[in-house]
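Student: Before I ask anything, here is the structure I am working with.
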Amino acid sequence: MTSSSDRSQAVDVQEPKTYEVRTYGCQMNVHDSERLSGLLEGAGYVRAPEGSDGDADVVVFNTCAVRENADNRLYGNLGRLAPMKTKRPGMQIAVGGCLAQKDRDTIVKKAPWVDVVFGTHNIGKLPVLLERARAQEEAQVEIAESLEAFPSTLPTRRESAYAAWVSISVGCNNTCTFCIVPALRGKEKDRRTGDILAEIEALVGEGVSEITLLGQNVNAYGSDIGDREAFSKLLRACGQIEGLERVRFTSPHPRDFTDDVIAAMAETPNVMPQLHMPLQSGSDPVLKAMRRSYRQDRYLGIIEKVRAAIPHAAITTDIIVGFPGETEEDFEQTMHVAREARFSAAFTFQYSKRPGTPAATMENQVPKEVVQARYERLVALQEQISWDENKKQVGRTLELMVAEGEGRKDGATHRLSGRAPDNRLVHFTKPDQEVRPGDVVTVEVTYAAPHHLLAEGAVLDVRRTRAGDAWEKRNAAEAPKPAGVMLGLPKIGAPEPLPVATGSGCGCD
């Protein structure tokens, strides 16, 4: 007879279930994926090893719906996982994000092997829905029509020990004719200022030294609480947080970019001299058709005021080429604004139809070959402007926050990489002493390329920081470090290289 102790010893200890999150789209999706990872780890899952490529117990797709081919991309990826799921008993697949919010039941009809579909408003339900799908042995589709809980109340698994996203609002009140985001994310809902500052203080306490304030229309913050100067007040309040070295924000809207925000940026030392200001088009008729609430003169006026208050500010933008009805004259106005504004970088997109948006059914859709030719002209112009603007940095002495994973050739060149205060990427000579991500180095810029700078001389100074300590502590605790979710660090600066895209990004403010 087998004793109870013998039986207990015979019970196999189960390995924890693994997960992988695949993220597409804007910074809001990146931030949501950090929450999804935190939720899954809180439920006992562990990240799948690097290179697992779907070989995990749970694979989550956090989707984007702003590109015309978004659904084809999703179903292609789901199709590649179908045979893998057949061979792996108990494997589950979940689809969330904007495309899930839009397509709902369509996903499980086209891909019946999907176990869970959830939307942008109820990401906190993922672990429950996975368990319910497992218990009931059928797909669970749950799409909330309004936000159930602000994402920042959920657990998180941040991708960086020294830099963090902090969401200050969700949703958008704009009605741009090319954008489907308001229909999927809902109306703007602002977080309480005290909750935002409390989260930032907690992050700083953990070693974070750089935060990026995040919102679909970040500088409209306050409209939900009836305070038009709430965003500038928030920036100034961030300046009072001891240990917080760098504050950034994305993405603002020209309509809400007021003088008090410019003053707060200029007068708050830890608010970085960097601005991402979406243009979309330089043509007044096209801006009107896009239902953008500003015109060329207003936009260039903002740029002029920012440059007067913050002379070394790096200004980046988003531009859509080939919006329905765009003429050659309209396009030349966009080229004119690019020359006048002298952006350090531009995220430039070819217009593509988004089902469900007014622009998709507009007349005078611009032929593909015309859009392509205009796009190439704009990219060539912006490449030259970016290079010229970067050349102005040569000879400057800059403080860089050392970055992790941003220099793809660092190993071969014996360099490290970091971000300047204006968010420009700088590759610098590796010093003799140890330098960790999150530490700060002082260098002199010696060379400029269109998308990065080089500091080829000796590092002038190394400052070890609490952020570097936090990175070292996390790295030691997680070695060997898995990499199931490749989200990168918060950044909105110069792309490397300029993206060859077919539609505007989700952050289309």
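The values are calculated or read from the model by the stated rules, or taken from the named source; none is laboratory data. Just so we're clear, the structure is a prediction, and the values are computed from it rather than from any experiment. Every residue, glycine as well, gets a Cβ built from its backbone with ideal geometry; the counts of neighbours run over all protein chains shown. Only protein heavy atoms, including side chains, enter the accessible area calculation; ligands, DNA and RNA are left aside. Shrake-Rupley method; radii C 1.70, N 1.55, O 1.52, S 1.80 Å.
Student: Compute, for the range 221-324, the length of the dipole vector about the Cα centre, with Cβ point charges of +1 (Lys, Arg) and -1 (Asp, Glu) only. Units Debye, rounded to 20. Display every interim value, and only then the final one.
Tutor: Numbers: 13 positive and 13 negative charges, 69 e Å.
The calculated dipole for the range 221-324 is roughly 340 debye.
Student: I'd like to know which of Gly76, Thr177, Val462 lies farthest towards the positive end of the charge dipole of the chain, counting +1 on Cβ of Lys and Arg and -1 on Cβ of Asp and Glu.
Tutor: Farthest towards the positive end: Gly76.
Student: Taking the Cα centre of the range 107-194 as the origin, how large is its charge dipole in debye, to the nearest 20, when only Lys and Arg (+1) and Asp and Glu (-1) carry charge on their Cβ atoms? Let's see the in-between values first.
Tutor: Values: 12 positive and 10 negative charges, 46 e Å.
Roughly 220 debye for the range 107-194.
Student: How about the range 393-457: which GluC sites (Glu not before Pro) there are in a DSSP loop, with at most 16 other Cβ atoms within 10 Å of their Cβ?
Tutor: Details: sites: Glu399, Glu404, Glu406, Glu434, Glu444, Glu456; in loops: Glu404, Glu406, Glu434, Glu456.
Here the GluC sites (Glu not before Pro) that fit, given the DSSP loop and packing criteria, are Glu434, Glu456.
Student: Enter the Cα centre distance for the pair the range 162-180 and the range 105-150, rounded to the nearest angstrom.
Tutor: After rounding, the separation between the Cα centres reads 23 Å.
Student: Assuming a ≥ b ≥ c are the square roots of the Cα gyration tensor eigenvalues, decide whether the range 290-436 counts as rounded (a/c under 1.5), prolate (otherwise, with a/b larger than b/c) or oblate.
Tutor: On the way: a/c = 2.61, a/b = 1.87, b/c = 1.39.
It is prolate, given that a/c is not under 1.5 and a/b is the larger ratio.
Student: Let me ask you something else. Over 21 Å between Cα atoms: which of Lys85/Lys110; Lys233/Lys392; Lys409/Lys430 fall into that group? Present the calculation step by step, with values, prior to reporting the outcome.
Tutor: Working: Lys85/Lys110 16 Å; Lys233/Lys392 32 Å; Lys409/Lys430 13 Å.
Listed pairs above 21 Å: Lys233/Lys392.
Student: Now for a separate question. Mean separation of Cα pairs under 8 Å and 6+ residues apart, divided by the residue count of the chain: what relative contact order is that in percent?
Tutor: Working: 1030 pairs, mean separation 75.7, N = 509.
It comes to 15 percent, rounded to a whole number.
Student: Moving on. On average, how much accessible surface per residue is there in the range 390-476, in Å², for a 1.4 Å probe, leaving out ligands, DNA and RNA? Mind showing how you got there, number by number?
Tutor: Numbers: 4150 Å² over 87 residues.
Computed with neighbouring chains in place, this is 48 Å² per residue.
Student: While we're on this one: Restrict the search to the range 219-318; then list the trypsin sites (Lys or Arg not before Pro) that DSSP places in a loop and that have at most 16 other Cβ atoms within 10 Å of their Cβ. If you can, show how the numbers build up before the last one.
Tutor: Details: sites: Arg228, Lys233, Arg236, Arg246, Arg248, Arg255, Lys288, Arg291, Arg292, Arg295, Arg298, Lys305, Arg307; in loops: Arg228, Arg291, Arg292, Arg295.
Listed in order of number, the matching sites are Arg228, Arg291, Arg295.
Student: Determine which residues of the range 237-278 fall in the zone a paramagnetic label at Asp227 would reach in this model, i.e. backbone nitrogen under 13 Å from the point 7 Å along Cα→Cβ.
Tutor: Answer for the range 237-278: 237-238.
Student: Which one, Leu36, Leu213, Leu275, projects farthest toward the positive side of the charge dipole computed for the chain from Cβ point charges (K/R +1, D/E -1)?
Tutor: The residue sitting farthest along the positive end of the dipole is Leu36.
Student: Place a +1 charge on the Cβ of each Lys and Arg in the range 315-437 and a -1 charge on the Cβ of each Asp and Glu, then give the dipole magnitude about the Cα centre in debye, rounded to the nearest 20. If you can, show how the numbers build up before the last one.
Tutor: Values: 17 positive and 20 negative charges, 97 e Å.
That gives a dipole near 460 debye.
Student: Another one. How much of the accessible area of the range 55-118, probe 1.4 Å, is carbon plus sulfur, in whole percent?
Tutor: The computed percentage sits at 48.
Student: Taking only the alpha-carbon atoms of the chain, what semi-axes of the equivalent ellipsoid follow from 5 times the gyration tensor eigenvalues under a square root, in whole Å, largest first? Can you show the working numbers first?
Tutor: Numbers: eigenvalues 280, 182, 96 Å².
Those come to 37, 30, 22 Å.
Student: Next question, about the same structure. List the GluC sites (Glu not before Pro) within the range 10-63 that fall in a DSSP loop (any state other than H, G, I, E or B) and whose Cβ has at most 14 other Cβ atoms within 10 Å. Don't jump to the answer; show the numbers that get you there.
Tutor: Working: sites: Glu20, Glu34, Glu41, Glu50; in loops: Glu50.
Hits after loop and neighbour filter: Glu50.
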